[in-house]
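The values are calculated or read from the model by the stated rules, or taken from the named source; none is laboratory data. It should be emphasised that the depicted structure is a prediction, and the values quoted were computed from it without experimental measurement. All Cβ positions, glycine included, derive from the backbone under ideal geometry; neighbour counts span all protein chains shown. These accessible areas exclude ligands, DNA and RNA; they are computed on the full protein's heavy atoms, side chains included. Shrake-Rupley method; radii C 1.70, N 1.55, O 1.52, S 1.80 Å.
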Amino acid sequence: MNSKMINIKAPAKINLHLEVLGKRRDGYHELAMVMQSIDLADYLEIERNDSGVVKLFCNNKDLDTGEDNIIVRAANLLKNNFKDRLLGADIFLKKNIPIGAGLAGGSTDAAATLVGLNNLWNLNLNSSELHTFGGILGSDVPFCINGGSQYCFGRGEILEPFISKSDYAIILVKNPEVSLSTPRIYKKYSSAFNICDDSFISQIKYKRELLRNNGFERNDFLRNGIKIRNDLQKIVESECSSVKNALSILSEFNNNLCYSMSGSGPSCYAVFENLDLAKTSYDENYKILKEDNFEVWVCSFLNKGVSII
Ligand code: C5P
């Protein structure tokens with residue numbers, strides 16, 4: 001008899017590189033990214049039953065737990081595909097990753113749901129099938145399944161994992177009053193930079209190769225001063241003074257190797273050689289972060305995505 005219950009850790013990610021190559025005919029943007037899992041995570045406890053119903057419960061009452069929640073959508077996607085009317089589950093989500101923050105909080109929960117229910121419902125989906133289901137749910141979901149350090153191309157779903165030196169750590173900051181809509185930020189980016197023609201297509205191969213040769217894999221990207229890049233940052237900084245402020249504060253921290261915004265914001269981070277240096281820098285600067293009402297996390301890079309615990 002297989003177990004009835006499973007606990008899953010669902011880590012957040014940051015973008016070490018987010019480059020918009022152009023706007024595609026399907027409405028998505030063609031991207032060249034480096035995504036990195038971090039040790040800030042949601043936790044899901046999933047209990048299988050044969051009620052035919054998927055129910056979601058969450059410790060954060062701000063989160064909609066209905067049919068539109070990406071966790072419920074992930075479960076229903078699997079249910080509908082396997083056409084077994086008895087498949088049911090109660091899912092308890094402990095939400096630690098801030099919502100609407102550019103940290104893939106929803107995507108990693110969806111990835112955890114796919115992995116958890118694949119196991120509990122005995123669906124025997126292989127990794128490639130899980131990635132395909134992930135891609136249906138959202139562009140960042142496939143990355144979140146295996147996580148770690150990966151180049152993410154296409155709309156984010158074409159993945160090339162690589163090994164990273166995993167001692168690096170970050171100070172991550174977010175204004176709790178601000179959450180941003182990803183579609184709106186991409187739309188604003190396209191209008192601002194007028195990128196609605198197909199000329200980027202001929203550049204895709206070259207841009208991917210450029211990114212692969214950028215030093216991320218050699219783990220020397222920080223010391224050699226290769227710039228961390230996030231194209232959406234220009235847009236968010238101009239409309240969101242707290243992001244501008246966060247980046248300015250992080251830039252002053254001792255021993256920071258680089259700093260940037262994550263995803264479509266508004267979370268921002270600074271990278272340090274290891275967790276001790278990040279903690280020391282936090283101790284030196286917590287007052288200024290507190291004065292400006294930032295929520296703060298100090299955590300390490302993680303070399304994996306969702307995991308059964
Ligand atoms: O794929 P996902 O549902 O997570 O994307 C959310 C929104 O972000 C999309 O509807 C789209 O507006 C924008 N997006 C984009 N290009 C991408 C990924 C996301 O324009 N590559």
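Can you compute the equivalent ellipsoid semi-axes for the chain, i.e. the square root of 5 times each eigenvalue of the Cα gyration tensor, sorted largest first and rounded to whole Å?
Numbers: eigenvalues 198, 107, 70 Å².
So the three semi-axes of the chain are 31, 23, 19 Å.
With runs of 4+ DSSP H residues as the only contributors, calculate the mean residue ellipticity of the chain at 222 nm using -39,500 (n - 2.57) per run, divided by the residue total and rounded to the nearest 500. Don't jump to the answer; show the numbers that get you there.
Values: 9 runs with 103 residues, N = 309.
The helix contribution divided over the chain gives -10000 deg cm²/dmol.
Just flag the trypsin sites (Lys or Arg not before Pro) in segment 253-309 sitting in loop per DSSP whose Cβ has no more than 16 other Cβ atoms within 10 Å. Before the final figure, lay out the partial values.
Working: sites: 279, 287, 290, 304; in loops: 304.
Here the sparse-neighbourhood loop sites are 304.
Can you pull the semi-axes for segment 5-164, root of five times each eigenvalue of the Cα gyration tensor, sorted largest first, whole Å? Walk me through the numbers before you get to the answer.
Values: eigenvalues 137, 59, 42 Å².
Equivalent-ellipsoid dimensions as semi-axes: 26, 17, 14 Å.
What size of dipole, in debye to the nearest 20, comes out for segment 169-300 about its Cα centre when the only charges are +1 on Lys and Arg C-beta atoms and -1 on Asp and Glu C-beta atoms? Write out the running numbers ahead of the final one.
Numbers: 17 positive and 17 negative charges, 94 e Å.
Roughly 460 debye for segment 169-300.
Post the alpha-carbon centroid distance, segment 96-110 to segment 121-151, in whole angstrom.
Here the two parts' Cα centres lie 16 Å apart.
Calculate how many DSSP beta bridges within the chain are antiparallel, expressed in % of all such bridges and rounded to the nearest 5. Spell out each step's value before the answer.
On the way: 52 of 59 bridges.
That works out to approximately 90 percent antiparallel.
Counting only protein chains, not ligands or nucleic acids, how are 289, 159 ordered by accessible area (probe 1.4 Å), most first? Each step should come with its number before you reach the end.
On the way: 289 0, 159 45 Å².
My answer, sorted largest first, is 159, 289.
With every protein chain kept in the model, how would you rank 14, 308 by accessible area, 1.4 Å probe, largest at the top? Walk me through the numbers before you get to the answer.
Values: 14 0, 308 85 Å².
Ranking 14, 308 by accessible area, largest first, yields 308, 14.
Grab the Cα-Cα distance for residue 201 and residue 254, subtract it from 0.36 nm times how many residues apart they are, and report the gain in nm with one decimal.
On the way: separation 53, 0.36 × 53 = 19.08 nm, distance 4.10 nm.
Full-extension gain reported as 15.0 nm.
Of 9/290; 234/290; 23/83, which pairs sit farther than 32 Å apart, going by alpha carbon to alpha carbon? If you can, show how the numbers build up before the last one.
Numbers: 9/290 29 Å; 234/290 25 Å; 23/83 36 Å.
Pairs exceeding 32 Å: 23/83.
Placing +1 at every Lys and Arg Cβ and -1 at every Asp and Glu Cβ, with all other atoms neutral, what dipole size does the chain have around its Cα centre, in debye to the nearest 20?
Numbers: 35 positive and 37 negative charges, 104 e Å.
Here the chain has a charge dipole of around 500 debye.
Most mobile of 30, 160, 45 per a Gaussian network model of the chain (Cα springs, under 10 Å)?
For the chain, modelled as a Gaussian network with Cα springs under 10 Å, the answer is 160.
So what is the accessible area of the chain per residue, in Å², with the probe set to 1.4 Å?
Values: 14190 Å² over 309 residues.
On a per-residue basis, 46 Å².
Suppose R0 equals 45 Å. What FRET efficiency, 1/(1 + (r/R0)^6) with r the Cβ-Cβ distance, do residue 187 and residue 287 give to the nearest 0.05?
Working: r = 38 Å, r/R0 = 0.84.
Once the sixth-power term is evaluated, E becomes 0.75.
If the cut-off is a Cα-Cα distance under 19 Å, which aspartates and glutamates reach residue 55, setting aside same-chain residues fewer than 8 apart in sequence?
Partners found: 42, 45, 47, 64, 67, 68, 84, 90, 109.
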